[in-house]
Amino acid sequence: MYERLIHFYNSLSKKRANNMVDQAKQTTHFGFRTVAKDEKEGMVAEVFHSVAAKYDLMNDLMSFGIHRIWKRVAINASGIRRGQRVLDLAGGTGDLTAKFSRLVGEKGEVVLADINESMLKVGREKLRDTGIVGNVSYVQANAEALPFPDNYFDCITISFGLRNVTEKEKALRSMFRVLKPGGRLLVLEFSKPLLAPLSKAYDAYSFHVLPKIGQVFVQDADSYRYLAESIRMHPDQETLKTMMEDAGFEQVTYTNMTGGIVALHRGFKF
């Protein structure tokens, strides 16, 4: 009788533990909140629908224009040459696409891909207004299941977008699949500040100042509060490096910028 009782409680504990694991597999984070995985995509979409129209303005305001330097470093690290094919993933309003379009020339190709229709629309209108037409195409796509052939791109960039992806490991594997052998992936993303005083100042700015800027300029403090939270939930430099290696990338390195507030990760497919 006693042995049966022990067996019953052990089985019950194991079942509860398995249920907790299954539940964890079905949830993810939306900022600091825990949400169902199948809900996050829609919630992130609402954030970027809200901010799309003034996305460029807010980037300049929030970063004091420094985001242009971060992106220039990424472009210089891309090694892009004329005639090559580039995927600007989560490319939003097309800052990188515009530069890559000039680098690849008429015989090259740049695909601006974003999961958010509003961001893609703003990017298309912006680039066409500046006369960039011939070698750029626009695709609404989920990074976790890219709608491109295997071994297709010479270079893939994802700039300030990976932290919004629900299953980052799945997205990295998808990027690896569509990248040509010898090609490179560049991940430009907010990361972990290297010094404690900088981290404290950055937290104060992110959680107290950014939402107020969002409220003043786009009447939406909540979206910018989410953006600050999403940065804190994103993997740090070493963790993301390991994730890229696990997805198949080799010679993965990263460069910290602005004291580690932003990091540029680079990995190759061989």
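The values are calculated or read from the model by the stated rules, or taken from the named source; none is laboratory data. Just so it is clear, the model here is predicted, and its values are computed rather than measured. Here the Cβ positions follow ideal geometry from the backbone for every residue, glycine too, while neighbour counts run over all protein chains shown. The protein model used for the area step is the full one, side chains on, heavy atoms only, and it has no ligands, DNA or RNA in it. Shrake-Rupley method; radii C 1.70, N 1.55, O 1.52, S 1.80 Å.
Starting from residues that are modelled with pLDDT under 90 and not hydrophobic (A, V, I, L, M, F, W, C), keep the ones in the stretch 58-80 and report whichever is surrounded by the fewest Cβ atoms within 10 Å (Cβ to Cβ).
If we take residues in the stretch 58-80 being modelled with pLDDT under 90 and not hydrophobic (A, V, I, L, M, F, W, C), then Asp60 is surrounded by the fewest Cβ atoms within 10 Å (Cβ to Cβ).
Being closer than 28 Å to Glu167 by Cβ, part of a strand (DSSP E or B) and of a type in the set (Asp, Glu), is that true of even one residue in the stretch 44-52?
No, the stretch 44-52 contains no residue that is closer than 28 Å to Glu167 by Cβ, part of a strand (DSSP E or B) and of a type in the set (Asp, Glu).
Quick check on my filter: what residues within the stretch 179-198 are under 28 Å from Gln84 (Cα atoms) and more than 22 Å from the chain's Cα centre (by Cα)?
At the first step, the residues of the stretch 179-198 found to be under 28 Å from Gln84 (Cα atoms) are 179-190.
Pro181, Gly182 - these are the residues of the stretch 179-198 that are under 28 Å from Gln84 (Cα atoms) and more than 22 Å from the chain's Cα centre (by Cα).
Identify the residue in the stretch 135-164 that is open to solvent by 20 Å² or more (accessible area, probe 1.4 Å) and of a type in the set (A, V, I, L, M) and, among all such residues, is nearest to Val47 (Cα to Cα).
Val139
Run Ile132 past the list (1) β-branched (Val, Ile, Thr); (2) buried (at least 18 other Cβ atoms within 10 Å of the Cβ); (3) modelled with pLDDT of 95 or more and report the number of the one that doesn't hold.
It fails just one condition, (3).
Report yes if Tyr205 is in contact with a Gly (Cβ under 7 Å, 6 or more places away or on another chain), modelled with pLDDT under 95 and assigned to a helix (DSSP H, G or I), otherwise no.
Taking the combined requirement at face value, the residue does not satisfy it.
For the stretch 66-106, give me each residue that is in contact (Cβ under 8 Å) with a residue 60 or more places away in the chain and of a type in the set (A, V, I, L, M, F, W, C).
If the condition is that a residue be in contact (Cβ under 8 Å) with a residue 60 or more places away in the chain and of a type in the set (A, V, I, L, M, F, W, C), then Ile66, Ile69, Trp70, Val73, Ala74, Ala77, Ile80, Val86, Leu87, Leu89, Ala90, Leu96 are the ones that fit.
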